[in-house]
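Down below is the structure, laid out as structure tokens.
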Amino acid sequence: MIPYIILVLVIILVIVIYTFRDITEIFNSILIKIHDGENFIDELLNRKGTLLEEVCESINEINDKKVFPSIKKIMDKSIDSLKLERSLADVYSELQEYLLVNKSFIPETELKKKIDELAEIELDLEATKMFYNANSDIFNDLIEKFPSRIIARKKGYDFKFLYTFEKEEFFEILKKDKKEKKEA
């Protein structure tokens with residue numbers, strides 16, 4: 001009877017060890033993907049900031065008055081990627097609005113190329129944020145669930161913040177406004 005109990009305990013111990021090893025491997029692979037996403041987002045944000053700075057300076061030089069603020073102030077600050085992304089997105093929105101309102105403004109070839117490259121970077125940034133968010137969601141779910149929660153606590157893992165998308169924020173604001181109008 002005792003050898004069977006010992007055998008069962010050994011089997012349970014082996015299963016637990018393999019389960020924790022598998023969970024650790026899952027955490028490691030997800031963290032690699034998250035770090036790759038973060039690095040690519042940082043690279044894209046730096047390229048976006050540099051291009052935005054060049055485009056905005058060019059447009060400011062063409063106009064009599066300064067239309068866009070200096071991007072250097074944004075880029076020089078030591079802020080995290082989430083805040084930098086938000087700040088650059090605001091300036092990019094202002095640029096798009098300027099180009100939409102001033103349809104008669106026809107940029108020279110070099111400036112047009114930079115504006116087109118900004119649009120490509122924006123698409124790449126959206127795709128990379130989706131990749132990062134998807135992996136962060138998996139990571140955050142792992143932190144919440146048993147038995148991976150044990151490993152997360154032991155290794156000091158903390159929840160990953162997600163990037164938001166302007167469209168989602170805009171629709172949430174519209175929903176909130178519509179709800180408030182119904183209640184009033």
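Laboratory data are not the source of any read-out in this text; all were calculated from the coordinates shown. Since the model is a prediction, treat every value here as computed from it, not as a measurement. So basically every Cβ, Gly included, is an ideal-geometry build from the backbone, and we count neighbours across all protein chains shown.
Here the calculated FRET efficiency for E57 and L82, from their Cβ-Cβ distance with R0 = 25 Å, stands at 0.45, rounded to the nearest 0.05. Within the shell of other residues whose beta carbon sits under 12 angstrom from the beta carbon of A152, the net charge comes to +3, with Lys and Arg scored +1 and Asp and Glu -1.
This structure gives Kirkwood radius over Cα pairs in Å, computed directly, and of (1) 20.3; (2) 17.3; (3) 19.5 that value is listed as (1).
Which helices, taking whole DSSP H runs in the chain, have alpha carbons extending 24 angstrom or more along the helix axis plus mean Kyte-Doolittle at least 0.5? Passing helices, by number: 2-62. Over the chain, DSSP H runs of length four or greater, each weighted -39,500 (n - 2.57), average out per residue to a 222 nm ellipticity of -29000 deg cm²/dmol. Note on L100 and D137: with the Förster distance fixed at 30 Å, the Cβ-Cβ geometry gives a FRET efficiency of about 0.35.
Residue order for L7, L95, fewest other beta carbons within 10 angstrom first, comes to L7, L95. By the beta-carbon count within 10 Å of each Cβ, the least crowded to most crowded order of Y4, Y98, fewest first, is Y4, Y98. The distance from the alpha carbon centre of the stretch 9-33 to that of the stretch 72-136 is 41 Å, rounded to a whole number. Dipole size of the chain about its Cα centre, with +1 on Lys/Arg Cβ and -1 on Asp/Glu Cβ: approximately 880 debye, rounded to the nearest 20. Fewest-first ordering of K112, K160 by other beta carbons within 10 Å of each residue's beta carbon gives K112, K160.
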